[in-house]
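S.K.: Quick one: this structure, given as structure tokens, is what I'll be asking you about.
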Amino acid sequence: MKTVRNDNAALATARNSVYELLASVFRTGPSAAMIDELKGSELSTMLSQLGFPVEEHLHRATPHQLSEDLDVEYTRLFIGPGSHISPHESIHTEHGGNAINELWGRETVKVKAFIEEAGLTISEQFEGLPDHISAEFELMAHLAGHEAELWTNEKPDEAALCHDIQRLFFAEHIDQWVPLFCAKINQQEGVSFYKAMADLTVSVLEFERDIFEISEQPAALQATA
């Protein structure tokens, strides 16, 4: 039993690290410090195992220059001005990704309520909306980290409940729109770094479906099939 709990704690810890990484990548253009972290040996190995070609995307320029280039790409892709891919759930689930000015939709309210019902609060330093992709990934990271602590402290019932809460949020929110968000990134010209990160995200979502035993196709993809 102790081995099972240790394995579950290790898995939850790994999931926490991956979600924290994805939250950082999609929160803003990567800083030079983040790029250095991505190039770190342990994280580099983990990313390679997940299918992200670290050498190809992070060693072609100095961290400072690469940070500046990717900041420009991030702004063009996700902020604008002009046509861009909104990183907000409500835009994709309620408006098909096209009504870029229609923020604070129904799903935004649902995500905010979910966060509060989980006993969490949104940091005052976070200036975005609750349904921003980075906020949703941060929520999953926090819950996975908490699950790891519960397994480590030998509280299996509470750990299982925390896991179920993650499954619910993943199924009702992340898996309903992030696959479509990633597909839209891959339709863009250039932006190889963010295409690679979109592919990495898709791999993580597939892994999560296996973990949560979710086999059905996300509704967002059914709508576009």
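S.K.: Give me the one-decimal nm value for the distance between modelled label points at residue 73 and residue 116, 7 Å along each residue's Cα-to-Cβ direction.
M.R.: Reported label-point gap for residue 73 and residue 116 is 3.9 nm.
S.K.: Could you sort 172-184, 70-82 so that the peptide with the highest average Cβ count within 10 Å comes first and the rest follow in order?
M.R.: 172-184, 70-82
S.K.: So if we plug the beta-carbon distance of residue 37 and residue 186 into 1/(1 + (r/R0)^6) with R0 = 35 Å, what FRET efficiency do we get, rounded to 0.05?
M.R.: About 0.90, to the nearest 0.05.
S.K.: Can you list the lysines whose alpha carbon is less than 21 Å from that of residue 155, not counting same-chain residues fewer than 8 positions off?
M.R.: Counting by Cα, and skipping residues close in sequence, residue 155 has these lysines nearby: 2.
S.K.: Quick one: length gained pulling residue 14 to residue 106 fully straight, 0.36 nm per residue minus the C-alpha distance?
M.R.: Fully extending the segment from residue 14 to residue 106 adds 30.0 nm.
S.K.: Straight-line reach from residue 184: which lysines have Cα under 30 Å away, leaving out those fewer than 8 places along the same chain?
M.R.: 39, 110, 112, 195
Read the figures in this text as sums done on the coordinates, not as results from a lab. Quick caveat, the model's predicted, so the values are computed rather than measured. Note: ideal-geometry Cβ built from the backbone for every residue, glycine included; neighbour counts use all protein chains shown.
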